[in-house]
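The values are calculated or read from the model by the stated rules, or taken from the named source; none is laboratory data. These figures come from a predicted structure and were not determined experimentally. In this analysis, Cβ positions are derived from the backbone assuming ideal geometry, glycine residues included, and neighbour counts consider all displayed protein chains.
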Amino acid sequence: MTDTPREPDNHNHPDQGEFPHSQADTPVRTDDGEPSRLSASPHKQQPPPDSPDTDLVLGDATGVVLTFSSTHGFIHTDRFGSIFVHTSGLGDGTTRLEPGQWVSARILHGRKGIYAYQVQVLTPDTVTTGDAPPTPVDRPLPRNVLTLVAERLHEKNSWALFHIRRLYEHLGTDIIWDMIAETERIEAEGGMLLLDESRRRTPGGVFLFLAKRRLSHEEWARIFPPKPQTNPQPQNPPRPKITPAPAPVVEKITWETRAVLIDTVRAGQGSAHTVRIMVIGRPTSVVERGNTVILTLTHNGPLLSAPKGVPIPPVMPTTTYTVYVGAKQWRGVAEAMKNPEDELIMEGAMTWDAEQQAIAVYTTKIASKLAQRATRATPPTTPTPAESPPT
């Protein structure tokens, strides 16, 4: 290579995709060994300046072509990381680059960033010991390894090519070609699915899977060191565990303990002005005297409905009801009582008859249960036009 750089065309280049585990954030070192404060990230590379004659020479390097379009691309070097290259920076006789080619370049720094200049594709005659590790005579030269591996694996993805290049540098030619043979055997037998079985792995994916299985976690991390986090997100302090308060213990009232509470209530006892009762049943004997009919009924449970949690006596006592019915009220239900399947529904006021030890019920409303049911089942009749009263 000559020391006089050619005048590049003025151009711009688009952002390129990131390559995993690249040395984009590694400080670049100049020829005098001092670290440069410039980044070699392909996202931050700027196109060559208008006058490279005055640009700072950072040094010479060899590397592999990651990607190249019709006008520009990137090469990756171990010393400077990923470097931008334009067609104006290609050496004499070189018109374009192919991914995987082994190249040499002079790395310059201008006012718009770092770029590669006088880029030459290395041939067997130009490869030196310092350019790449030695290989056996029956294996391809290092400059062709990545290209041949990419062809055998049908791989064009720059991300995968970068991984293959790094694996070659650490594992050597023999292991690389052994893994290629294993990959081709797996492909011939039907391929390998992803872990979630959503699809089949590409040949390049199978190759990288075999490499990761061959290496330990420490070896893999050494080949592909994790990129340091520039702006780590602050971790939220753990929230204190909140223990829910225990539910209040509600004392259950039993029939045995109710008396104490009743005594407490009587201290502020109120008064009732209306008390009504409903009794449903069938009397066995009836006494008629003048305008009064007397019936007696007894009840000893069970309670049809009671609020949940209220105290209920363990054994229901027998309660006697003395029902007083007016003679006129009784005539409306007397015929229904001839049916042994019918019952009476009696509503009215009540009081305690201490002498008879019974509850006295004074009926205000009485009806036959079957008659009431028939009334509810029969819809109201609507008069026809012929029956409508004249207006």
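List of remarks:
- Residues of segment 165-200 satisfying the condition of being crowded, with 17+ Cβ neighbours inside 10 Å, of a type in the set (Asp, Glu) and either over 40 Å from the mean Cα position of the chain (by Cα) or on the phi > 0 side of the Ramachandran plot (or both): none
- Of everything in segment 215-255 that is exposed (fewer than 10 other Cβ atoms within 10 Å of the Cβ) and among the charged types (D, E, K, R), the residue that is modelled with the lowest pLDDT is Glu251.
For every residue, the table says whether it meets (1) surrounded by 12 or more Cβ atoms within 10 Å (Cβ to Cβ); (2) among the small types (Gly, Ala, Ser); (3) at pLDDT 90 or above.
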site	(1), (2), (3)
Ser271	no, yes, no
Ser285	no, yes, no
Glu288	yes, no, yes
Pro302	no, no, no
Ile345	yes, no, yes
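- Criterion: surrounded by fewer than 17 Cβ atoms within 10 Å (Cβ to Cβ) and modelled with pLDDT of 80 or more - qualifying residue of Gly89, Gly93, Gly100, Gly113: Gly93
- Restricting attention to segment 296-323, the residues that are touching a Phe, Trp or Tyr at 6+ places or on another chain (Cβ under 9 Å), closer than 17 Å to Met350 by Cβ and in contact (Cβ under 8 Å) with a residue 40 or more places away in the chain add up to 2.
- Neighbours by Cβ (under 9 Å, 6+ apart or cross-chain): first from segment 148-164, assigned to a loop (DSSP other than H, G, I, E, B); second among the aromatic types (Phe, Trp, Tyr) and buried (at least 16 other Cβ atoms within 10 Å of the Cβ): Glu155/Phe207
- The lone criterion from (1) surrounded by 15 or more Cβ atoms within 10 Å (Cβ to Cβ); (2) modelled with pLDDT under 80 left unmet by Thr129 is number (1).
- The residues of segment 68-102 that are within 21 Å of Leu56 (Cβ to Cβ) and either among the aliphatic types (A, V, I, L, M) or assigned to a helix (DSSP H, G or I) (or both), listed by number, are Ile75, Ile83, Val85, Ser88, Gly89, Leu90.
- Condition check for Leu370: exposed (fewer than 11 other Cβ atoms within 10 Å of the Cβ) and either in contact (Cβ under 8 Å) with a residue 12 or more places away in the chain or under 30 Å from Val250 (Cα atoms) (or both): no
- Scanning segment 266-285 turns up at least one residue that is touching a Leu at 6+ places or on another chain (Cβ under 6 Å) and touching a residue at least 12 places away in the same chain (Cβ under 8 Å).
- Qualifying residue in segment 46-54 (condition: acidic (Asp, Glu), at pLDDT 50 or above, farther than 22 Å from Ser158 by Cβ and not assigned by TED's automatic domain parsing to the domain that holds Leu153): yes
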